[in-house]
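Since the structure comes first, as structure tokens, the remarks are kept for the end.
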Amino acid sequence: MPAPVPLPVPVPVPVPPEPDVPPGPTPEAAFDALYHRTAPGLVGQAFLLTGRRGLSRESVERAFHTAWERWPEVAVDRDPASWVRATAHEYALSPWHRVRRAHRHPDAPPADPERRATLEAFLALPPASRRTVLLYDGVGLDLPETAAETEASTPAAAGRLVNARAALAERLPELAEAPSSAELSTLLRERLHSLAAVGPPPALPAPKAVRAGSERKAQLWTRAAIAFAALLIGATAFTLHTAPTRYEEPLSPAERVGGVPPRGGPQQLTEQDLELKASLREEFVHGPERVVPLAR
């Protein structure tokens, strides 16, 4: 019988070490980078939409507050800058600012006549058309992206753009002289960029202060929600403890009664009545005498 053949011993294959992957930026660092890159330009865009420097800074700060509250959602967005831009534009164009005393009137117009005319013509447009022109001609988005950010269909965004350009050309003759749509868009972009750069640079808070403000606001809302829930639970418990367990018919309201004769006392008995009363007391309780007394 032949000897058994020994099995080969497996040779361990060396595994190459995994390369060191540098850790990604922290949420705070990513937020700060987005803030430094987009906040100054968003202030200029909000100013073009509203004509108010104070409201433009407030809109951008509020947009970044919301972005930090929803940072897990914003961080994975395809374009976080557009997310913040849409939030700032929507807040700046909110109709509730008209009733606020601080933002009821626009700021003083620019001293340059050309810039003043451009701002007045741009602010005369409807808010939706104003935003469409800003995104398409000012920011440089294409028509589908503009329609998506303004929550409109592409034909509706195109109609707004055409009508807004026609209205601007009526008030600004140099725009009507543009030989083509591309040159008109270029001219509008230059006008809007020049107008947004008017004035001192925006005094924006530091990103750390914005994050801290957002966290404080979230804590206040959380505490307010807890307090409201506790108040609601207490009111419900008090109602259940004090509420009647059976139906109680309500008392009818008092009413004045009329036509009732005045109260009078009993009449005095005559001598005949007194004799009859005495005779009835002397007779038995049962008997015909109680019915027909004997004559006396």
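The values are calculated or read from the model by the stated rules, or taken from the named source; none is laboratory data. Quick caveat: nothing in here was measured; it's all calculated off a predicted structure. For neighbour counting, all protein chains shown are included, and Cβ atoms are generated from backbone atoms with ideal geometry for every residue, glycine included. To get the accessible areas, we keep the full protein, side chains included, count just its heavy atoms, and leave off ligands, DNA and RNA. Shrake-Rupley method; radii C 1.70, N 1.55, O 1.52, S 1.80 Å.
If each Cα of segment 158-279 is one equal point scatterer, what is log10 of I(q)/I(0) from the Debye formula at q = 0.10, 0.11, 0.15, 0.18 Å⁻¹?
Values, matching the q order: -0.81, -0.84, -1.00, -1.07.
Roll a 1.4 angstrom probe over the protein heavy atoms and tell me the percent of accessible area of the chain that is carbon or sulfur.
In the chain, the share of accessible area belonging to carbon and sulfur is 61 percent.
Could you tell me which label, among (1) 0.94; (2) 1.63; (3) 1.09, carries the value of Rg/Rh (Cα atoms, Kirkwood Rh) calculated for this structure?
Given (1) 0.94; (2) 1.63; (3) 1.09, the structure-derived one carries the label (2).
For segment 152-200, what does the alpha-carbon gyration tensor say about shape, rounded, prolate or oblate, given a ≥ b ≥ c as the root eigenvalues, a/c under 1.5 as rounded, and a/b over b/c as prolate? Please report the intermediate quantities before stating the final value.
Details: a/c = 2.05, a/b = 1.36, b/c = 1.51.
It is oblate, given that a/c is not under 1.5 and a/b is not larger than b/c.
Could you work out the longest stretch of the chain that avoids the chymotrypsin sites (Phe, Trp or Tyr not before Pro) located in DSSP loops with at most 13 other Cβ atoms within 10 Å?
Working: sites that count: Tyr247, Phe284.
Here the longest segment lacking exposed loop sites spans 1-246.
Need one number: nm distance between label points at Ala197 and Thr26, each 7 Å from Cα along Cα→Cβ, rounded to one decimal.
3.6
Where does segment 231-287 land on Rg(C-alpha)/(2.2 N^0.38 Å)? Present the calculation step by step, with values, prior to reporting the outcome.
Values: Rg = 29.9 Å, N = 57, 2.2 N^0.38 = 10.2 Å.
Taking the Cα Rg and dividing by 2.2 N^0.38 Å, one obtains 2.92.
Return the equivalent ellipsoid semi-axes of segment 47-151 as a descending list in whole Å, where each equals the square root of 5 times an eigenvalue of the C-alpha gyration tensor. Could you put the intermediate results ahead of the total?
Values: eigenvalues 125, 65, 25 Å².
The equivalent ellipsoid of segment 47-151 has semi-axes of 25, 18, 11 Å.
Apply the membrane-span-like helix rule to the chain: whole DSSP H runs, Cα extent along the own long axis of at least 20 Å, mean Kyte-Doolittle hydropathy at least -1.0. List the helices found. Display every interim value, and only then the final one.
Details: long enough: 27-50 (31 Å, 0.38); 53-69 (24 Å, -0.96); 154-171 (26 Å, 0.07); 181-196 (22 Å, 0.02); 207-242 (52 Å, 0.38).
Span-like helices, by this rule, are 27-50, 53-69, 154-171, 181-196, 207-242.
Roughly how many nanometres apart are two label points built 7 Å out from the Cα toward the Cβ at Ala176 and Lys217?
4.4
By how many nm would the segment from Lys277 to Thr242 grow when fully extended, if each residue of separation counts as 0.36 nm and the alpha-carbon distance is taken off? The partial results should precede the final answer.
Details: separation 35, 0.36 × 35 = 12.60 nm, distance 6.07 nm.
Taking 0.36 nm per residue and subtracting the Cα distance, the gain is 6.5 nm.
Kindly provide the helix-only [θ] at 222 nm of the chain, computed as the sum of -39,500 (n - 2.57) over DSSP H runs of four or more divided by all residues, to the nearest 500 deg cm²/dmol?
Numbers: 12 runs with 170 residues, N = 296.
The helix-only estimate for the chain comes to -18500 deg cm²/dmol at 222 nm.
Name the residue from Ala197, Leu187, Leu141 whose Cα lies farthest towards the positive end of the charge dipole of segment 119-227, charges +1 on Cβ of Lys and Arg and -1 on Cβ of Asp and Glu.
Farthest towards the positive end: Ala197.
Give the accessible surface of the chain per residue, rounded to a whole number of Å², with probe radius 1.4 Å and ligands, DNA and RNA excluded.
Working: 21190 Å² over 296 residues.
Ligands and nucleic acids excluded, the figure is 72 Å² per residue.
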